[in-house]
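What follows is a set of notes on a single structure, which appears directly below.
The values are calculated or read from the model by the stated rules, or taken from the named source; none is laboratory data. Please read all numbers here as calculations on a predicted model, not as lab measurements. FYI the Cβ positions are ideal-geometry reconstructions off the backbone, even for glycines, and counts take in every protein chain you see. To get the accessible areas, we keep the full protein, side chains included, count just its heavy atoms, and leave off ligands, DNA and RNA. Shrake-Rupley method; radii C 1.70, N 1.55, O 1.52, S 1.80 Å.
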Amino acid sequence: MPADPPLAYSQNPRPIGFAVTFRLAGDRLVVDTMRRVDEINLGAVARVRLTYEAGKLSSGFYKTALRLTDGRAVSLTSISWSGLAQSNNQVGAYRDFVAALIEAVSRASPQARLEAGKPRFVWAAMAATTGALALAALYIAARAFMAGAIGAALVPLALGAVMIWQMGPVV
């Protein structure tokens, strides 16, 4: 019986640039950037972090980051850019590849940590910043209302509403 072909996943990580192909070949991850081909030993993976990135320039997307024992990092996302304003979220193919990648990492590097979400200090900093900005907008609006400047009070309220609309899903 012939061996199954290695599982592969391609994406264009930037709006301008070339596609990157990730291919599992036994205990190696082959990363082909069209300029060079790197082979990463999956036994050297120290951490796999899975995150969901809300918003930015496109709809939300998933990201997997591998941290190697030598400090290098490799990441891939579920989004593939095809132009400056056009992207394709290829969740199905991404999910299948990441599941196979995690399984291969667990076999090759049993000591590797699997982590989900952003680090706590990042979430704490984002939540504190969002809260402080919301309080500042409310304070400025209240001071403007007390001074009788109704129009001036609407500006920080509108900016605060936009900020909460953007940061709310992230936090």
### Task
Can you pull the one-decimal nm distance between simple spin-label points at Ala100 and Ala19, each 7 Å off the Cα toward Cβ?
1.5 nm
### Message
If I stretch the segment between Val30 and Arg120 completely, what's the gain in nm (0.36 nm per residue apart, minus their alpha carbon distance), one decimal?
### Response
29.3 nm
### Query
Which cross-chain or sequence-distant (5 or more) residues have an amide H under 5 Å from the amide H of Arg47, H modelled 1.01 Å from N in plane?
Arg67, Arg113
### Summary
Helix 91-108 sits off the longest principal axis of the Cα atoms of the chain, rounded to the nearest 10 on a 0 to 90 degree scale, by 60 degrees
### Task
Specify the angular offset, from 0 to 90 degrees and rounded to the nearest 10, of the alpha carbon long axis of helix 150-167 from the longest principal axis of the alpha carbons in the chain.
20 degrees
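Okay, helix-only estimate at 222 nm for the chain: each DSSP H run of n ≥ 4 adds -39500 (n - 2.57), divide by all residues, round to 500 deg cm²/dmol; what do you get?
Details: 3 runs with 63 residues, N = 171.
Roughly -13000 deg cm²/dmol at 222 nm, from the helical runs in the chain.
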### Query
Quick one: Karplus J couplings for region 138-149, per residue in order, coefficients 6.51, -1.76, 1.60, θ = phi - 60°, nearest Hz, x for Gly and Pro?
5, 4, 5, 5, 5, 5, 5, 4, 5, 7, x, 9
### Query
Ala142 to Arg72: extension gain in nm, 0.36 nm per residue of separation minus the Cα-Cα distance?
20.3 nm
### Task
Jot down the per residue volume, in cubic angstrom and as a whole number, of the convex hull over the alpha-carbon atoms of region 43-133.
118 Å³
### Query
Once you put a point 7 Å from the Cα of Ala65 and another 7 Å from the Cα of Leu7, both along the Cβ direction, what distance in nm separates them?
2.3 nm
### Query
On average, how much accessible surface per residue is there in region 96-171, in Å², for a 1.4 Å probe, leaving out ligands, DNA and RNA?
66 Å²
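For Arg95, Arg49, Arg28, Arg35, what's the largest-to-smallest order of accessible area, 1.4 Å probe?
Descending accessible area places them as Arg35, Arg95, Arg28, Arg49.
Residue separation times 0.36 nm, minus the C-alpha to C-alpha distance between Arg47 and Leu154: what's the value?
33.8 nm
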### Query
Over the C-alpha atoms of the chain, what are the Rg and the largest Cα-to-Cα span, Dmax, in Å?
21.7, 82
### Summary
In whole percent, the fraction of accessible protein surface over the chain that belongs to carbon or sulfur atoms, probe radius 1.4 Å, stands at 62 percent
### Message
Quick check on region 81-143: what are the equivalent-ellipsoid semi-axes from the Cα gyration tensor, as sqrt(5λ), descending, whole Å?
### Response
39, 22, 7
